[in-house]
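Participant: Could you have a look at this structure, given as structure tokens, before my questions?
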Amino acid sequence: MATSTRQSCLKYLLHLAQDNLDFRLPEIKSLLALRGKPFHSSGNFQEKTPFWCLDGLSEEDVRGVMARSVCAKSAFELWGHGTTHSELKTSLLKYPTENMSPFMRKDSTYRINVYTFNKTLEFEDRIKRIDSMDYLPFEGTVNLKSPQHIFCLLEDYGTDPNDIPEHPNYIYFGRWIADGQRELIRSHSVKNRHFIGNTSMDAGLSFIMANHAKVNKNDLVFDPFVGTGSLLVACSHFRAYVCGTDIDYNTIHGRGRSSRKNKTWRGPDENIRANLRQYGTEDMYIDVMVSDASKHVWREAALFDAIITDPPYGIRESTRRTGSHKDVTKPQDAIYEESHVSVTQAYHLSDIFTDLLNFSAHHLVLGGRLVYWLPVYRPEYCVEMVPLNPCLRIISNCEQTLSSHTSRRLITMEKIKNPEELDSLAYLADPRFSPYQGHNAFREKYFSGVNKRSGKEDNKAAVNGE
């Protein structure tokens, strides 16, 4: 009972990385949802700041979030806080002694770290900060190398590097609980990956997408525009089974020209399976195959726990599907030679997103999530441009700015009903679910902006790397 009471009054402090700001809150909310916990902020919550105070959680919940998050750096059990060191002292002296005492016993070892955000302190100033906290009843022994308990004094000097105040805006003190998974960004960097392409997804964003999708152990995850499999790598790290399709034969089979500098052709073992083998998750790899996303090959059933993808935008990778505007004579009985290569035609962005949402509505399990990138022309963007489907509800919509006039938005949707539950006539008549054709002009507007900034009439080939 005592432990339960202690847990109920605890607050936790998250220290977050100051990059991908739009993606942080949806990631933390999704990871808490995996544990069946809501997001409850404490005090005056400001989403863009590097420190968040949360309550209503247990230490186990916090450790579970930090074991997955690439947006959070560290988590602490918050013991005290204030706008000045005097307020901090008052807050710490009010903190229940029974919550402190298990970590301050004579037979324990500890260390106090001082961390400042947006300002660097001299070593002497750090020591002074630590010495000034002699009012805390530490009875254990200081151990700087391998202490049993680590405590941290954190000072927030705002987010403007050109306007750093003399004194901190806010001060926190707490017991360190766990670090986040920022190391995954380095260890899974595409720079060191065995098999990459022109549009291989950044490692950090890949893990963020997996977290937004609530990918969990033994889930089945599908990527219909799999490319070189960066998203499969991230999902397999969380022990989900992964599979994918792509219309590009050479990419699926690891053939053709290499995307690496000073290398002409891909090697014999450059493929998606080799990427998973590189990170020790080959056992989670089901397979990938050449397939057209507009004419899927899957049986009509709710198969996937998550669908995570980065569709082509027509900038560095073309948007193609099988088919032709011409009259093409098919072989008798549709029997093709082994060397047959399907004719392809343009696959408009509006059609890509309509097909993707319809596919997800039919093939996600209830509660399963679709996470995908939507390219937008910023001067004309409005929320009505985000494609909708009556079986899916939007969970989050996060922007990654690409240039002054373009960006892409990470859309997360969750399946809330099955297609057979819909009133088909009402669905077809509802204008909210009509395909938005404005996406088809993204490529032209992208190049229009590039041309204006470069002063050239036509540099499409240069941007495409042709």
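Participant: Kindly indicate which of Leu34, Leu93, Leu25, Leu14 is open to solvent by 50 Å² or more (accessible area, probe 1.4 Å) and closer than 24 Å to Leu410 by Cβ.
Facilitator: Leu34
Participant: Under the condition of being among the β-branched types (Val, Ile, Thr) and in contact with a Cys (Cβ under 8 Å, 6 or more places away or on another chain), which residue from the range 234-293 is most open to solvent (accessible area, probe 1.4 Å)?
Facilitator: The selected residue is Ile286.
Participant: Taking the stated definitions as given, is Thr141 open to solvent by 30 Å² or more (accessible area, probe 1.4 Å), more than 31 Å from the chain's Cα centre (by Cα), farther than 25 Å from Lys73 by Cα and at pLDDT 95 or above?
Facilitator: It is true that Thr141 is open to solvent by 30 Å² or more (accessible area, probe 1.4 Å), more than 31 Å from the chain's Cα centre (by Cα), farther than 25 Å from Lys73 by Cα and at pLDDT 95 or above.
Participant: Does the range 171-189 contain any residue that is aliphatic (A, V, I, L, M) and open to solvent by less than 10 Å² (accessible area, probe 1.4 Å)?
Facilitator: Within the range 171-189 (the criterion being aliphatic (A, V, I, L, M) and open to solvent by less than 10 Å² (accessible area, probe 1.4 Å)), the answer is yes, since at least one residue qualifies.
Participant: Pull out all pairs, ordered by first then second residue, where Cβ-Cβ is under 8 Å, the residues are six or more apart or on different chains, the first lies in the range 185-198 and is farther than 18 Å from Asp269 by Cα, and the second is part of a loop (DSSP other than H, G, I, E, B) and open to solvent by less than 30 Å² (accessible area, probe 1.4 Å).
Facilitator: Ile185/Val70
Participant: While we're here: Only one of these is more than 37 Å from the chain's Cα centre (by Cα), under 15 Å from His167 (Cα atoms) and either open to solvent by 70 Å² or more (accessible area, probe 1.4 Å) or in contact (Cβ under 8 Å) with a residue 60 or more places away in the chain (or both): Lys106, Lys128. Name it.
Facilitator: Lys128
Participant: Within the range 153-167, restricting attention to residues that are surrounded by 18 or more Cβ atoms within 10 Å (Cβ to Cβ) and in contact (Cβ under 8 Å) with a residue 60 or more places away in the chain, which residue is farthest from Pro50 (Cα to Cα)?
Facilitator: The extreme case among them is Leu154.
Participant: Here is a further query. Would you check which residues across the range 360-386 are open to solvent by 20 Å² or more (accessible area, probe 1.4 Å) and either closer than 20 Å to Ala302 by Cβ or in a helix (DSSP H, G or I) (or both) and list them?
Facilitator: If the condition is that a residue be open to solvent by 20 Å² or more (accessible area, probe 1.4 Å) and either closer than 20 Å to Ala302 by Cβ or in a helix (DSSP H, G or I) (or both), then His362, Val365, Leu366, Gly367, Arg378, Pro379, Glu380, Val383, Glu384 are the ones that fit.
Participant: A follow-up question, please. Which pairs have Cβ atoms under 6 Å, sit 6 or more apart or on different chains, and link a residue in the range 17-43 that is more than 13 Å from Phe207 (Cβ to Cβ) to one that is acidic (Asp, Glu)?
Facilitator: Qualifying pairs under 6 Å: Asp22/Glu399; Leu25/Glu47; Arg35/Asp61; Lys37/Asp61; His40/Asp55; Ser42/Asp55.
The values are calculated or read from the model by the stated rules, or taken from the named source; none is laboratory data. Computed from a prediction, not measured in an experiment: that's the story for all the values here. Please note: Cβ atoms are built from the backbone with ideal geometry, for glycine as well, and neighbour counts cover all protein chains shown. All accessible areas refer to the heavy atoms of the entire protein, side chains included, with ligands and DNA or RNA removed. Shrake-Rupley method; radii C 1.70, N 1.55, O 1.52, S 1.80 Å.
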